[in-house]
Amino acid sequence: MREELLEKLKSEDKREVREAIEALRDFQDEEVIKAIVEATIRSRSKAVLEAAKATLMSFEKAKDALCREVIRFFEYPEPKLRQTAIDILASHGNVCLSAIKEKLLNHEDYNMRKFGLDILANIGTEEALDLLAELLEDENPNVKMSALEYLRNFSSFKEKVVDHLLRVIPTIEDMYGLTTLASTVIYGNIRDERLIKPLRELLGRFSEPTEKHWIYKMLLFLGDKDSVKEALENAKKAGLERDIQEDMKIFGIEE
């Protein structure tokens, strides 16, 4: 039966390919994994992709081969193939971290490094966080900011996340960095008084009220009452007084 199913994977009939992939769940070995991946790449139909995703996510054996073969999806430009790879690899957690680091995080194409970050953020383990942190100093701003933004996915490892933020805050130098940092701290619900001092120091590096506004938002979120008056005065200059007042209500801070 196994050989018959592998042969059906070569069919031009996408329905037959899908059915064969679903039936191959009981045959978890390297040859089957490779054949499913190749059939999926050839077909690229929605039904085949969904079947491949469900089948490969269910595999409990030959995971080294699974990680290695599924990463091949990133060699092709179709978003649906790449998203399928992200979902499959993330579902297997730490097992695929080595392959992700080798094939994606160390890739010369920054887009591949970003795909690697997407997977790490979905895995969400402490080991994934350690790998992600290595890209906080990536030479490409998009990769660096993606790594920073994804720190909020690891708020359960607060101590490590705060340590990484303390390292990153002094390196922030533009609005892109400020908004990304604010998103990470606020939406990641990362409250820690140790962040207040470096954020206040960061204020001195920016002159535009709209830039300072994002720093004050974080300071208020962190409960820095000493920043209230300054935040309101700055908001008036930036024309964002209502926004900062709303933040104060949300964060439970009185004028």
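Structure summary
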| read-out | value |
| --- | --- |
| Qualifying positions in the stretch 195-232 - surrounded by 15 or more Cβ atoms within 10 Å (Cβ to Cβ) and assigned to a loop (DSSP other than H, G, I, E, B) | PHE206, LEU222, ASP224 |
| Residue match in the stretch 160-170 (condition: buried (at least 16 other Cβ atoms within 10 Å of the Cβ), in contact with a Pro (Cβ under 6 Å, 6 or more places away or on another chain), in a helix (DSSP H, G or I) and of a type outside the set (Ser, Thr, Tyr)) | yes |
| Residue in the stretch 44-53 that is in a helix (DSSP H, G or I), more than 23 Å from ALA20 (Cβ to Cβ) and aliphatic (A, V, I, L, M) present | no |
| Residue that is nearest to the chain's Cα centre (by Cα) [pool: residues in the stretch 203-229 that are of a type in the set (Asp, Glu) and at pLDDT 95 or above] | GLU211 |
| Meets criteria (surrounded by 17 or more Cβ atoms within 10 Å (Cβ to Cβ), touching a Lys or Arg at 6+ places or on another chain (Cβ under 9 Å) and in a helix (DSSP H, G or I)) for LEU104 | yes |
| Among (1) exposed (fewer than 14 other Cβ atoms within 10 Å of the Cβ); (2) over 25 Å from the mean Cα position of the chain (by Cα); (3) under 26 Å from MET112 (Cα atoms) - the single one LYS46 does not satisfy | (2) |
| Cβ-Cβ under 8 Å pairs, at least 6 apart or on other chains, the stretch 168-180 side at negative phi, far side among the polar types (S, T, N, Q) and modelled with pLDDT of 95 or more | MET175/THR210; GLY177/THR171 |
| Matching option when the condition is out of contact with any helix residue (DSSP H, G or I) (no Cβ under 6 Å at 6 or more places or on another chain), of a type in the set (Ser, Thr, Tyr) and surrounded by fewer than 19 Cβ atoms within 10 Å (Cβ to Cβ), among TYR76, TYR110 | TYR76 |
| Residue list for the stretch 18-32, restricted to those being over 12 Å from GLU50 (Cβ atoms) and in contact with a helix residue (DSSP H, G or I) (Cβ under 6 Å, 6 or more places away or on another chain) | ALA20, ALA23, LEU24, ARG25, PHE27, GLU30, VAL32 |
| Long-range neighbours under 9 Å by Cβ, at least six apart or interchain, first residue at pLDDT below 95 within the stretch 93-118, second surrounded by fewer than 22 Cβ atoms within 10 Å (Cβ to Cβ) and of a type in the set (Asp, Glu) | GLY93/GLU127 |
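Residue by residue, here is whether (1) closer than 30 Å to THR125 by Cβ; (2) of a type in the set (Asp, Glu); (3) in contact with a strand residue (DSSP E or B) (Cβ under 6 Å, 6 or more places away or on another chain) holds:
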{"position": "MET175", "(1), (2), (3)": "no, no, no"}
{"position": "ILE186", "(1), (2), (3)": "yes, no, no"}
{"position": "LEU195", "(1), (2), (3)": "yes, no, no"}
{"position": "SER207", "(1), (2), (3)": "no, no, no"}
{"position": "GLU230", "(1), (2), (3)": "no, yes, no"}
{"position": "GLY239", "(1), (2), (3)": "no, no, no"}
{"position": "GLU246", "(1), (2), (3)": "no, yes, no"}
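Condition check ((1) touching a Leu at 6+ places or on another chain (Cβ under 9 Å); (2) over 27 Å from LEU120 (Cβ atoms); (3) surrounded by 21 or more Cβ atoms within 10 Å (Cβ to Cβ); (4) at pLDDT below 95) across all residues:
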{"site": "GLU4", "(1), (2), (3), (4)": "no, yes, no, yes"}
{"site": "LYS8", "(1), (2), (3), (4)": "no, yes, no, yes"}
{"site": "ARG15", "(1), (2), (3), (4)": "no, yes, no, yes"}
{"site": "ILE33", "(1), (2), (3), (4)": "yes, no, yes, no"}
{"site": "LYS53", "(1), (2), (3), (4)": "no, no, no, no"}
{"site": "ASP64", "(1), (2), (3), (4)": "no, no, no, yes"}
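Here is a yes/no grid of residues against (1) touching a His at 6+ places or on another chain (Cβ under 8 Å); (2) in a helix (DSSP H, G or I); (3) closer than 26 Å to THR179 by Cα:
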position	(1), (2), (3)
ALA99	no, yes, no
ASN111	no, yes, yes
ASP118	no, yes, yes
ALA121	no, yes, yes
GLU127	no, yes, no
ASP130	no, yes, yes
GLU139	no, no, yes
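The values are calculated or read from the model by the stated rules, or taken from the named source; none is laboratory data. These numbers were taken from a predicted model, which means no experiment stands behind them. We place every Cβ from the backbone using ideal geometry, glycine too, and count neighbours over all the protein chains shown.
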